[in-house]
Amino acid sequence: MIIYNPAAGKNKFRKLLPDAEKILTEADFEVTLVPSTKAPKSTTMIAKQAAQDGFDVVIAAGGDGTVNEVVNGLMQVNNPPKLGILPVGTTNDYARALNFAKDPLEALQIIAKQETIRVDIGKANETEFFINNAAGGKITEITYAVKESMKSKWGRLAYLFSGLQMLPKLSPVNVEISYNNQVFQGEILLFFVNKTNSVGGMETLCPPAQLNSGMFELLILKKVSPQKLFQLFASIRKGTHLNSPHVIHARTNKVEIKSTTDLNVSYDGVYGGKAPYTLEIIPEALEIFADKSRIIDRLRG
């Protein structure tokens, strides 16, 4: 089953549809196409039903939000189908981590070859799942605040425009974050709990991340002045920020987040809810299509 978001990436999937059917049919797949709807969690419900109906493969055709909803549907059954990702969204972070974000036809060819890996999945407060990252802090709200119509019109520039509007409102949040028998208490600008190196199209955010390590990469950005914040963003682009005294980086399999003020948490760029949150790893929980040779440095040896 291919579950596709009709609005994703300027309707990119519609143009890709003939190629998708041809490539997958030639690889001996029987293909069923199902569009998502505007109803809340429609993609999750479709993916869960596909798993219960015995589909061997479910392909998420869309952006990171579509992938997240499909993952949440598949993780509700004991033996989920294999997951394929067809990157036709705006940012496609998880496809970036798999090294085929720029060309959906490449992703189709990889699925057709049927080579797979097993990857870790994050569990949030026992009821929700994420495959790429969880995040909190004012600036992370950009990912789910941008309207689909803006993304369709401006692409990734829509996030930049929203970010510039949000900068004056960027304020620290007082948190308590527990991990590895340690507790950080204080004001932060944002935190990430990552499974991959790529967040918001930045592939240098967390270079050490591995898809199947059984561990999260926790990044906490402490409260800093606006000047130091811009310097820190510059170091993120170079991938040197993990050495900064303003950044805490730790590898852990469980993170607990509490806050005395409102702290919105998102996962895979989708709004989750407000803290408190407990995030746990489920090692190698899902089988996905990937070209191992492209991502050998992102897999546990």
Could you calculate the FRET efficiency of residue 28 with residue 278 from 1/(1 + (r/R0)^6), where r is the beta carbon distance between them and R0 is 41 Å, rounded to 0.05?
0.45
Hey, can you grab everything whose amide H is under 5 Å from the amide H of residue 86? Only 5+ residues off in sequence or another chain; H modelled, so Pro and N-termini drop out.
60, 61, 62
Cβ-Cβ FRET estimate between residue 17 and residue 126, R0 fixed at 22 Å, reported to 0.05:
0.05
Would you list, by chain and number, the lysines whose Cα falls below 22 Å from the Cα of residue 12, excluding same-chain residues fewer than 8 positions away?
22, 38, 41, 102, 147, 151, 153
Return one whole number: the accessible area per residue of the chain in Å², for a 1.4 Å probe.
46
Of 269, 200, 84, the one that fluctuates the most in a GNM where the chain has Cα springs shorter than 10 Å
200
Would you mind checking which residues have amide H under 5 Å from residue 33's amide H? H placed 1.01 Å from N; only 5 or more apart, or other chain.
2
Identify which of 62, 273, 73 has the largest mean-square fluctuation in a Gaussian network model of the chain, with springs joining Cα atoms closer than 10 Å.
273
Points 7 angstrom from Cα along the Cβ direction at residue 293 and residue 41: gap in nanometres?
4.2
Mind telling me which of 267, 94, 277 comes out most flexible in a GNM of the chain, alpha-carbon contacts under 10 Å?
277
Testing the spin-label approximation: label points 7 Å from Cα along Cα→Cβ at residue 174 and residue 271. State their distance in nm.
2.6
Shape verdict for segment 1-60, please, from the Cα gyration tensor: rounded (a/c under 1.5), prolate (a/b greater than b/c) or oblate.
oblate
Candidate cut points under GluC sites (Glu not before Pro) in segment 68-119, DSSP loop plus at most 15 other Cβ atoms within 10 Å of their own Cβ, are 115
For an R0 of 35 angstrom, estimate the FRET efficiency from the Cβ-Cβ distance between residue 53 and residue 249 and round to the nearest 0.05.
0.25
Carbon plus sulfur fraction of accessible area for the chain, probe 1.4 Å, in percent
50
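May I ask you to list the GluC sites (Glu not before Pro) in segment 1-50 that are in a DSSP loop and have at most 15 other Cβ atoms within 10 Å of their Cβ?
30
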Tell me, how many Å apart are the Cα centres for segment 260-301 and for segment 7-44?
24
Classify segment 173-301 as rounded, prolate or oblate, taking a ≥ b ≥ c as the square roots of the eigenvalues of its Cα gyration tensor: rounded when a/c is under 1.5, otherwise prolate if a/b is larger than b/c and oblate if not.
oblate
Scalar couplings 3J(HN,Hα) for segment 175-185 by Karplus 6.51 cos²θ - 1.76 cosθ + 1.60 (θ = phi - 60°), nearest whole Hz, x for Gly and Pro, are 10, 10, 10, 9, 6, 6, 6, 10, 9, 9, 10
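The values are calculated or read from the model by the stated rules, or taken from the named source; none is laboratory data. Just so you know, these numbers come straight off a predicted model, no measurement behind them. Glycine also receives a Cβ, built like all others from the backbone with ideal geometry; neighbour counts cover every protein chain displayed. SASA here: full protein model, heavy atoms, side chains in, ligands and nucleic acids out. Shrake-Rupley method; radii C 1.70, N 1.55, O 1.52, S 1.80 Å.
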